[in-house]
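One structure below.
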Protein chains: 2
Amino acid sequence: MKKIGVAILGLGAVGGSTYQILTRRREFYERTQGIEIEVESTLEPVRERAERLGVPAEKIAANIAEIVLDPDVNAVVECIGGVDVARKYVLAALHAGKTVVTSNKELIAKYYPELVRTAKMNNAGLYFGASCAGVPIVRTLLDGVQSNEISALIGIVNGTANDILTKMEERGCSYEEAAAEAETDRAAEEISINVEGIDAAYRLSILASVAFHTKVPAAKVFREGIANVSPADLAGGKELGYRLKPLAIAKRTKDSIEVRVHPAFIRQDHPLASVKAANAVFLTGDPVGDVMLCGNGTGDEPAASAIVSDLIFAATHGEHRYSAFGDTAAGVRSAVFATDFTSAYYLRLTVCDEAGALAKVASVLGKYNISIAETVQKRAADGKATLILVTHETRESLVKKAVAKLNAAQIAQVESVLRVAL
Amino acid sequence: MKKIGVAILGLGAVGGSTYQILTRRREFYERTQGIEIEVESTLEPVRERAERLGVPAEKIAANIAEIVLDPDVNAVVECIGGVDVARKYVLAALHAGKTVVTSNKELIAKYYPELVRTAKMNNAGLYFGASCAGVPIVRTLLDGVQSNEISALIGIVNGTANDILTKMEERGCSYEEAAAEAETDRAAEEISINVEGIDAAYRLSILASVAFHTKVPAAKVFREGIANVSPADLAGGKELGYRLKPLAIAKRTKDSIEVRVHPAFIRQDHPLASVKAANAVFLTGDPVGDVMLCGNGTGDEPAASAIVSDLIFAATHGEHRYSAFGDTAAGVRSAVFATDFTSAYYLRLTVCDEAGALAKVASVLGKYNISIAETVQKRAADGKATLILVTHETRESLVKKAVAKLNAAQIAQVESVLRVAL
């Protein structure tokens, strides 16, 4: 039976969970996969973590060199996080010809070309399924729908942001209130990575790169956080049958790629609308049509599942393959990134509650070729009315101009502008 | 560049679609997968089909022997359907060392052990992702969540049956009316395969075999069709927040495997509840948690997508691997199949509209250790009332006994009994 020696770098939540699964499932993997997976070594600066997991002393390495030089280690699992130490250690492992499996989205999003070059040169594998959401979407893109040209991919890839918007909707509470609750469990710094869409942008960068077979840098992802969302908008969208979700959207047209992370309305009957804290990716391919993959796990266990699945895959499928997006070879298309999006838009405006208010707004929008698809108007206090509009598809740049005009000409006070997906 | 020669057996809907994709995507697969896929030959008794697709005359084989003997053919795609001719041709291809990719669920459900034995002996691949639903669930089970112990898998794997129940619910129409509409497009024989759950049982047999690493014969699948579902039940379930779906359910406990295909209620907020004509599989694994995969395709294109994905996978991943469920080796657990299910149940009863009616029913149920979780009672005509009950989890055998007792003792007329999943 083939034997795989594994070293785990970092025994925090995901690394610790991976250690436990590999330890308790040995017999299961022997029986079902025909391979013996043995944790040979671990590296973790916080001594108590290794102790709490019951890692035997002889399996605790003093430094990365011990692991890199250990001939019994075939694969290195990187769960350190961040990019400084992680990058150094991963490169060292790859240089030593050891296959690397990582859950580190920032590392993959930022350094994939360098890492994959090193991996290829040393005939080592490089697997990163655990870096994208708690569902096996990377494997699906690589080996389940690889016969397809993928034209769009829309995901809810940050559980914290989705949880906050879900709470705001269900309770009618403010962003601050919902976010404060999320913060009790996490550091404020981590929250900002989630609510500002930074984490989602890394994930979208990786998913779009794999789906479109070309490097999509995280820096090219347009990003807008959820901190400015007001309960009034959640309620306004609801009236028209929409729900607000923190979406990561990647679209490929013949000429360009569009990647963006922002809150957006989707129809209440869209499969993504009922996804709560969980992760989900909805993709459109030819010939498969629409496929959605969703999971309830945003914690450590789904990430550990992905890590161990990658380890098994690496051990059981012959030569390593590398996602084309790290290549700069002529065969791989270089991408042009769209800067002006096409989308439908939701506008919430305050207008004077008098005859013709909607007509005046529509007239201004019409000058920018923006047509209204849905509208609802409600009386507010002080002789004012709230007007909610959803437009047909148009360009973001035109919406910005029209909004500026509406405000400047005092035809309406534009309270908020949000995108509507699909 | 690696070159793969393909022969397609059967140019009906799925085979024809596969031919078209392989023809129009050649450059795409060269660029993104690094392989050249060429259709070298086709076999199709209906001459017009090949002509309509524009298959060149030199690529139309006269018989299977031509294909089996053709050294340029590395892989054979089987889209004939049925098991007589298909089995013979597939075995011939495997004996010749050619990899087989098939969409034939009946063939895989019935003959997998023989086929996989032949494949292994001849070092040929055997791929059947296209046999199960229009979503890449087989690849996900094999390579996306293979690190998990799967405890349950619940699917909507027959689009026609789901479509009929959806129509009945949306329009409040009878089974006959909804089914007649489905029949206009299809032969009556094909409809019966769908509504009686025969097709779903083949699929469940394959999915459960892969998920549980053991052969789950289609004959072990408990099967109940949707023909007896009445609009009154759809409405009754709705009152309690449920929707009726044609489910394929596989569960593994420590001691046994439970596999069944029947209509069942699920909560309206369950992700499977909003799946309409499409296919979906919801699985529960440790450590991944719940993962759902759903697609909108029940037609030929998603099946063709799966076939081509399998072809690419076979060409790009070294040695062929075989799902353990064909093995009779000692390492593979032999399964015990449950015959008495545990489930929650929905009962619709007619009782006399008088004080204590519910209490009498509850008392009989209580004698069989069946407790009531939810109930709604409505006045009907002629001094009667309709009582709808959902029980807590219990055994099917106990429900049967309790129903017989209720009817015999004239405490209630049990109009229908349906299972409630989850």
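Since every read-out is calculated from the coordinates, none of them should be taken as a lab result. Keep in mind that what you see is a predicted model, and the values were worked out from it rather than measured. All Cβ positions, even for glycine, are placed from backbone atoms using ideal geometry, and neighbour counts span all protein chains on display.
Please report the antiparallel percentage of DSSP beta bridges with both residues in chain B, rounded to the nearest 5. Percentage antiparallel, nearest 5: 70. Taking 0.36 nm per residue of separation and subtracting the current Cα-Cα distance, fully stretching the chain between B:E114 and B:R321 would add 73.0 nm. For A:G12, inter-copy separations between label points set 7 Å beyond Cα along the Cβ vector come to 5.4 nm, shortest first. Working note: Cα atoms of the range A:214-346, range along each principal axis, descending, whole Å: 54, 38, 31.
Partner shielding of A:301-307 amounts to 5, given as the average count of beta-carbon atoms from other chains within 10 Å of each residue beta-carbon. Annotation for B:V83, label-to-label distances across the other copies: 5.7 nm (shortest first, one decimal, point 7 Å from Cα along Cα→Cβ).
Its Cα centre serving as origin, the range A:144-233 has a Cβ charge dipole (Lys and Arg +1, Asp and Glu -1) of approximately 560 debye.
Charges were assigned to the Cβ only: +1 to each Lys and Arg, -1 to each Asp and Glu. The resulting dipole of the protein assembly as shown about its Cα centre is roughly 220 debye.
For the range A:137-296, the Cα-based Rg and Dmax, in that order, read 15.6, 45 Å. Counting Lys +1, Arg +1, Asp -1, Glu -1, what net charge surrounds A:G15 among other residues with beta carbon under 11 Å of its beta carbon? Here the count lands on -2. Measuring from each Cβ of chain A to the axis that turns chain A onto chain B, the shortest distance belongs to A:G318, 1 (residue, then whole Å). Quick one: which of A:K367/A:K400; A:K120/B:K120; A:K88/A:K120 span more than 19 angstrom between C-alpha atoms? Violating the 19 Å Cα-Cα cut-off are A:K120/B:K120. Hey, if you drop one equal point scatterer on each alpha-carbon of the range B:184-236 and run the Debye formula without solvent, what base-10 log of I(q)/I(0) do you get at q = 0.16, 0.17, 0.21, 0.28 Å⁻¹? Those come out to -0.61, -0.66, -0.81, -0.99, one per q.
In terms of other Cβ atoms within 10 Å, B:L94, A:L43, A:L398 run from fewest to most in the order A:L398, A:L43, B:L94. Across every pair of non-identical alpha carbons in the range A:1-137, the mean reciprocal distance, once inverted, gives a Kirkwood radius of 15.0 Å. Quotient of the Cα radius of gyration of the range A:251-326 and 2.2 N^0.38 Å, N being its number of residues: 1.43. In the assembly of identical copies, B:A381 has its label point, taken 7 Å from Cα in the direction of the beta carbon, separated from the corresponding points by 5.6 nm (ascending, one decimal). In a Gaussian network model over chain B where Cα atoms closer than 10 Å are linked, find which of B:A65, B:A227, B:A335 has the largest mean-square fluctuation. Sorting by GNM fluctuation, first place goes to B:A65. The value given for chain A is a Kirkwood hydrodynamic radius of 23.2 Å, derived from the mean inverse Cα-Cα separation.
Between B:R171 and B:K384, the FRET efficiency estimated from the beta carbon spacing at R0 = 30 angstrom works out to 0.70.
Look at where the Cα atoms of the range B:168-225 and of the range A:140-178 average out, and the two centres are 32 Å apart. Projected label points at A:S192 and B:R267, each 7 Å from Cα along the beta carbon direction, are separated by 3.7 nanometres. The ellipsoid equivalent to the alpha-carbon distribution of the protein assembly as shown has semi-axes of 40, 39, 30 angstrom, derived from the gyration tensor eigenvalues as √(5λ) and listed largest first. The order of B:I137, A:I249, A:I198, going from fewest to most other C-beta atoms within 10 Å of their C-beta, is A:I198, A:I249, B:I137. Note on the range B:230-270: dipole from Cβ charges, positive end direction compared against B:G236, B:I249, B:H262; the farthest Cα belongs to B:I249.
The label point for A:A219 and the one for B:E38, both projected 7 Å from the Cα toward the Cβ, are 4.4 nm apart. Taking 20 Å as the straight-line reach from the Cα of A:K238, the lysines in range (excluding those fewer than 8 positions away in the same chain) are A:K167, A:K276, A:K378.
Ordering A:D163, B:D286 from the fewest to the most neighbouring beta carbons within 10 Å gives B:D286, A:D163. Over 24 Å apart at the Cα level, from the set B:K105/B:K251; A:K2/B:K220; B:K2/B:K215; B:K2/B:K105, are A:K2/B:K220; B:K2/B:K215; B:K2/B:K105. Annotation for the range A:81-112 versus the range A:355-396: alpha-carbon center distance of 50 Å.
Calculated on the Cα set of the range A:342-420, radius of gyration then Dmax: 11.4, 36 Å.
If both residues of a DSSP beta bridge must be in the protein assembly as shown, then about 70% of such bridges are antiparallel.
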